[in-house]
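Okay, so here's the structure we're looking at.
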Amino acid sequence: MKDTYFSLPPGKQSRQAVMYTLDATGKLVRASQSPEPAMKYPAPAAGALSTASDMARFYQMLLNKGTLNGKRVLSAAVEFSPGLGMGLSFGVVKDVVGTFRYQSIGTFAKGGAFRTYGWGDPPRDMFGIIMLQRTNGGGDTCPEINAFVILANAAIGH
């Protein structure tokens with residue numbers, strides 16, 4: 001992951017995505033504040049700035065139970081299992097009854113700031129990443145995220 005940081009280096013600041021917000025009328029407008037000030041205090045579960053390709057490598061490594069390109073990145077002891085409800089700050093599906101997105105048992109998911117969302121579905125050997133860059137509008141029930149997950153699952157079938 002060569003494009004993931006808690007604080008962007010000066011040479012990469014121009015690549016940071018523009019932030020948007022929904023105004024009082026529901027219209028999507030450019031936000032007046034950059035997300036960079038919110039990232040001054042990094043944490044293991046929050047604060048990273050990344051690219052979709054870096055996140056894809058991360059999720060592929062998780063699907064591979066801690067390995068990527070033949071190299072171990074995480075210990076196999078931290079792999080996700082259906083008996084766990086949380087792991088590495090991810091929610092893990094233990095039972096599909098009661099989930100609001102159609103996913104397999106063992107699926108791990110993590111929402112981030114500004115309507116980013118990623119999930120990995122080990123039984124289907126798939127993952128998805130969406131990076132909206134919007135300050136408000138929907139939270140965990142964000143319609144764009146719901147549609148993305150549903151369409152991705154439908155596209156691969158069962």
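General remarks:
- Packing around the peptides 109-121, 8-20, 142-154, taken as the average count of other Cβ atoms within 10 Å per residue, puts them in this order, highest first: 109-121, 142-154, 8-20.
- Ranked for footprinting exposure by Cβ neighbours inside 10 Å, fewest first, Ser104, Ser32 give Ser32, Ser104.
- Distance between modelled label sites at Ser32 and Thr4, nm, 7 Å Cα→Cβ extension: 3.4
A short reminder: the numbers here are calculations on the coordinates, not readings from a lab. Computed from a predicted structure; not experimentally measured. Cβ coordinates were reconstructed from backbone atoms using ideal geometry, including for glycine residues, and neighbour counts include every protein chain displayed.
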